[in-house]
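Here's the structure we're looking at; comments come further down.
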Amino acid sequence: MNVVSANIGQSVPRIDGFAKVTGQATYAAEPHPPGLLYGVIVNSLIARGRIEAIHDEAARAVPGVTEVMTHHNRPHTALFEKSYVDGLGVPGSPYRPLHDAEIRFNGQPVAVVFAETFEAAREAAMLIQVDYERWPHNADFDAALHQKYMPSKTRSNYVPPKSRGNASEAYALSPVKIEGRFHLAPEHHNPMEMHATTVIIEEDGALTVWDKTQGPQAVQAYLASALSLSGKKVRVRNPYVGGAFGSGLRAQHNVFLAALGAEMLKRPVRVTLTRPQMFTHVFRPEAVMDIALGADRDGTLQSIIVEGVTDTSRFEHNMENVVVWGLIGYKCPNATADYKIAPRDTYTSSDMRAPGAATGVNLFEMAVDELAWACGMDPLAFRLHNYSEIDAMHNMPLTSNALREALLQGAERFGWNGYPPGPGSLRDGRELIGHGMATGIWDAMFSPTAARARLTSDGRLHIATAASDIGTGTYTILAQTASEAFGIPIDRIDIELGDSTLPECPTEGGSWTAASAGAAVWLACQSLREKFLKALAKSENTPERIKQSEVTLTEGELHGVRDGSREVFSLQEALSFIGEASIEAEETAKPGLRDKISEMRKARFTHSAVFCEVRVDEELGIVRVTRLVNAVAAGRIMNPKTAASQVRGAMVMATGMALHEESLMDERYGRFMNHNFSEYHIPSHADIPEMDVLFVDEKDEEVSPLGIKGVGEIGMCGTAAAIANAIFHATGKRYRTLPIIPGA
Ligand code: MOS
């Protein structure tokens with residue numbers, strides 16, 4: 001790599017790219033310890049009931065099969081105790097794999113076959129026959145809505161917000177209004193890398209677990225408690241992750257089943273899930289939002305009423321921030337929201353990229369478009385007129401808010417021309433052309449994080465923190481941060497991530513990793529630099545002329561300036577003056593350098609403005625997205641290249657949300673039926689136009705120590721709505737369900 005100086009803010013190519021494209025990067029299913037056993041999970045074919053018998057004789061007769069583990073013969077661990085709490089799960093009673101004969105969802109693991117080869121395990125798994133006693137179940141979302149509830153114990157941020165004004169009265173009095181039920185189909189996580197766990201038994205009996213997770217320390221704590229092992233006996237590694245999008249936030253059942261198998265058989269074990277098995281458990285909840293909006297004739301918002309429901313399982317209460325976004329982002333004197341969850345006999349829905357906002361912002365922004373249209377207003381002008389400079393729900397100022405600039409700069413880049421009147425007003429042959437736009441909002445979060453920096457006698461700087469790079473560019477931005485903070489070229493930096501034994505770092509998620517791990521690396525490098533220079537000044541072996549010089553550390557060299565002349569030393573030499581083989585520092589970054597965020601009384605968000613052009617074939621109803629522009633205000637951008645890739649990736653996902661992705665439930669079986677890539681459609685290259693991502697200048701000295709807000713999720717928020725709104729502009733037809741199936 002030719003990058004010498006690679007400071008924050010430069011478009012450095014991914015430093016892990018070479019390892020990935022040459023196959024040198026090790027993923028969770030790739031370590032190959034001697035004696036490895038392959039575990040294949042057998043899934044329940046019914047949604048609710050009891051296992052009466054498991055016939056495994058044929059499976060056991062397959063050559064190479066070592067064991068069939070079921071609820072009858074599995075070892076007993078803490079996870080099976082009544083008092084067990086899944087620390088990574090959501091409130092409720094966690095599902096415990098192979099606990100007993102009860103079936104709670106279709107796809108539930110009922111057995112794991114272990115064999116010397118994957119092929120033998122798979123063949124044997126197909127030979128297992130299970131007799132069930134079937135109980136009635138409900139997997140239909142509409143039916144589940146009748147049982148919607150708010151759990152008695154939940155995190156406070158999911159409790160419906162305090163109403164302001166009198167929304168229903170204001171709605172009744174509003175001269176312009178729209179109201180409707182908006183719907184989002186469930187969507188499944190489809191990262192390239194499927195869930196996989198390899199458990200290695202070390203010589204001292206400790207477990208080294210390679211897992212596809214977003215948080216090695218979270219899985220380490222989970223396994224230690226689930227298996228009643230001391231924390232020191234479990235090490236979790238995930239140096240490379242092939243995408244996760246939230247599916248790796250909680251420990252999936254492959255983790256526990258692999259570890260349980262290793263415990264039972266005293267052999268290293270690997271359990272991987274197939275693509276269809278991914279469809280049994282990791283999905284964004286289905287959602288309905290009843291939205292009513294009222295405005296004056298001049299387009300001034302007067303009333304917001306939002307009622308949202310998302311699905312959960314019968315045993316856990318999965319909740320999201322779905323209904324709050326419009327109340328936060330729009331100034332409107334009268335607003336109220338309500339949120340509940342609806343239980344069905346499936347596995348628990350889960351976080352998926354921008355959980356809550358991906359649903360709530362997109363559906364709300366579709367409703368806002370309807371209202372702007374009803375007011376006879378350009379939707380951009382409507383947003384500029386009604387958006388709030390503060391968090392209107394909590395009446396709190398923001399650390400920064402560049403939404404106006406995002407709206408204006410995005411519109412200029414797109415060439416937004418005041419929304420040519422009338423659906424069907426733009427046409428090219430038999431294609432109708434439509435323009436649509438929406439705004440996006442997502443939290444700008446921060447979590448305390450530690451990092452270690454160590455300079456070694458070969459003149460290299462080693463950075464370590466238990467962060468995960470889930471394909472987001474974390475390795476690269478941390479190297480840039482270290483390069484600038486310590487003063488050393490990026491090709492002399494080694495970054496170590498994805499190991500539970502490294503300094504404490506929260507699970508990668510919520511778009512907080514760049515801000516949090518970035519700050520930790522910055523502090524550790526600054527601290528190391530100070531320690532190094534102090535040690536040099538103190539050491540007897542440091543030549544006097546250096547001690548009397550003005551010393552700086554830059555580009556990986558020590559510069560001593562004295563009486564106008566400069567002397568340069570390598571770091572190796574400098575380290576030898578101190579007489580140490582290496583020198584290191586560890587620091588923990590806290591929310592603010594000066595203030596505690598909790599005391600700041602300010603809210604923190606990223607903002608965006610998305611503009612879209614679609615072409616709709618009038619006869620065939622085929623929708624093509626032909627242009628997407630996203631103007632993102634996310635504080636300081638560490639690396640425009642990796643950041644824009646993050647936003648683009650989310651926009652691809654949002655295009656899937658708008659037009660393609662939909663998990664179809666067969667209510668008779670309680671199973672998502674289109675569990676493969678031929679039937680579950682994710683956007684392909686041909687579906688995606690050139691996507692223009694621009695970052696709006698936004699200086700924010702309060703949001704996090706380095707002024708970073710994070711970009712992993714904001715691209716999801718607003719993009720699907722912009723596409724839906726463009727389809728209306730092209731066709732004159734309003735769709736209130738995502739994905740939009742033209743003609744439906
Ligand atoms: Mo994200 S859904 O916080 O991984």
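Observations on the model:
- The one condition from (1) surrounded by fewer than 16 Cβ atoms within 10 Å (Cβ to Cβ); (2) in contact with a Gly (Cβ under 7 Å, 6 or more places away or on another chain) that residue 35 does not meet is (2).
- Of residues in segment 175-200 being open to solvent by less than 10 Å² (accessible area, probe 1.4 Å) and of a type in the set (S, T, N, Q), the one farthest from residue 274 (Cα to Cα): 198
- Screening 202, 169, 193 for residues that are more than 16 Å from the ligand (Cβ to nearest atom) and touching a residue at least 12 places away in the same chain (Cβ under 8 Å) leaves exactly one candidate, 169.
- Segment 221-236 - residue that is open to solvent by less than 40 Å² (accessible area, probe 1.4 Å) and in contact (Cβ under 8 Å) with a residue 12 or more places away in the chain and, of those, nearest to residue 500 (Cα to Cα): 236
- When each of 226, 218 is tested for being within 16 Å of the ligand (Cβ to nearest atom) and in contact with a Leu (Cβ under 6 Å, 6 or more places away or on another chain), the lone residue that passes is 218.
- One residue alone among 266, 233 is more than 16 Å from the ligand (Cβ to nearest atom), at pLDDT below 95 and more than 21 Å from the chain's Cα centre (by Cα), and that residue is 233.
- The condition (being among the β-branched types (Val, Ile, Thr), over 24 Å from the mean Cα position of the chain (by Cα), at pLDDT 95 or above and open to solvent by less than 10 Å² (accessible area, probe 1.4 Å)) is satisfied by just one residue among 723, 727: 727.
- Unmet requirement for residue 251, which otherwise passes all of (1) under 16 Å from the mean Cα position of the chain (by Cα); (2) surrounded by fewer than 24 Cβ atoms within 10 Å (Cβ to Cβ); (3) closer than 23 Å to residue 76 by Cα; (4) not charged (D, E, K, R): (2)
- Residues that are within 20 Å of the chain's Cα centre (by Cα) and either open to solvent by less than 30 Å² (accessible area, probe 1.4 Å) or more than 24 Å from residue 498 (Cα to Cα) (or both) within segment 444-453 comprise 444, 446, 447, 449, listed in sequence order.
Yes/no matrix, rows are residues, columns are (1) open to solvent by 70 Å² or more (accessible area, probe 1.4 Å); (2) of a type in the set (S, T, N, Q):
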residue: 552; (1), (2): no, yes
residue: 563; (1), (2): yes, no
residue: 574; (1), (2): no, no
residue: 579; (1), (2): no, no
residue: 582; (1), (2): no, yes
residue: 588; (1), (2): no, yes
residue: 591; (1), (2): no, no
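- Among residues of segment 339-360 that are within 20 Å of residue 160 (Cα to Cα) and free of Cβ contacts under 8 Å to residues at least 60 places away in the same chain, those with a Cβ under 8 angstrom from a residue that is open to solvent by less than 10 Å² (accessible area, probe 1.4 Å) and within 12 Å of the ligand (Cβ to nearest atom), sequence gap 6+ or separate chain, pair up as 356/320.
- Scanning segment 354-373 for residues that are more than 22 Å from residue 175 (Cβ to Cβ), more than 16 Å from the ligand (Cβ to nearest atom) and of a type outside the set (A, V, I, L, M) yields a single hit, 365.
- Members of segment 598-631 that are at pLDDT below 95, open to solvent by 20 Å² or more (accessible area, probe 1.4 Å) and among the hydrophobic types (A, V, I, L, M, F, W, C): 600, 620, 622
Results for (1) in a loop (DSSP other than H, G, I, E, B); (2) in contact with a strand residue (DSSP E or B) (Cβ under 7 Å, 6 or more places away or on another chain); (3) not hydroxyl-bearing (Ser, Thr, Tyr), shown as yes or no for each residue.
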residue: 621; (1), (2), (3): yes, no, yes
residue: 638; (1), (2), (3): yes, yes, yes
residue: 644; (1), (2), (3): no, yes, yes
residue: 648; (1), (2), (3): no, yes, yes
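- Residue within segment 506-518 that is open to solvent by 30 Å² or more (accessible area, probe 1.4 Å), within 16 Å of the ligand (Cβ to nearest atom), touching a strand residue (DSSP E or B) at 6+ places or on another chain (Cβ under 8 Å) and in contact (Cβ under 8 Å) with a residue 40 or more places away in the chain present: yes
- Among residues of segment 289-333, those that are under 30 Å from residue 378 (Cα atoms) and not in a loop (DSSP other than H, G, I, E, B), counted: 21
- Conditions (1) away from the ligand (no atom under 16 Å from the Cβ); (2) open to solvent by less than 60 Å² (accessible area, probe 1.4 Å): number failed by residue 661: (1)
- Summed over segment 335-353, residues that are closer than 30 Å to residue 102 by Cβ and either among the basic types (Lys, Arg) or within 16 Å of the ligand (Cβ to nearest atom) (or both) total 7.
- Every residue from segment 454-474 that is open to solvent by less than 10 Å² (accessible area, probe 1.4 Å), within 27 Å of the chain's Cα centre (by Cα) and in contact (Cβ under 8 Å) with a residue 40 or more places away in the chain: 463, 465, 466, 467, 468, 469, 473, 474
- Residues satisfying the stated conditions in segment 486-505, i.e. open to solvent by less than 30 Å² (accessible area, probe 1.4 Å), assigned to a loop (DSSP other than H, G, I, E, B), out of contact with any Pro (no Cβ under 7 Å at 6 or more places or on another chain) and of a type outside the set (Val, Ile, Thr): 489, 502, 503, 505
- The requirement of being outside any strand (DSSP E or B) and either at positive phi or not hydroxyl-bearing (Ser, Thr, Tyr) (or both) is fulfilled somewhere in segment 452-459, by at least one residue.
- Test result for residue 258, over 23 Å from the mean Cα position of the chain (by Cα) and open to solvent by less than 10 Å² (accessible area, probe 1.4 Å): yes
- Scanning segment 385-443 for residues that are open to solvent by 50 Å² or more (accessible area, probe 1.4 Å), farther than 30 Å from residue 620 by Cβ and not in a helix (DSSP H, G or I) gives 389, 390, 394, 395, 396, 397.
The values are calculated or read from the model by the stated rules, or taken from the named source; none is laboratory data. All of these numbers come straight from a predicted model, not from anything done at the bench. Quick reminder, even Gly has a Cβ in these numbers, built from the backbone with ideal geometry, and neighbours come from all protein chains shown. SASA here: full protein model, heavy atoms, side chains in, ligands and nucleic acids out. Shrake-Rupley method; radii C 1.70, N 1.55, O 1.52, S 1.80 Å.
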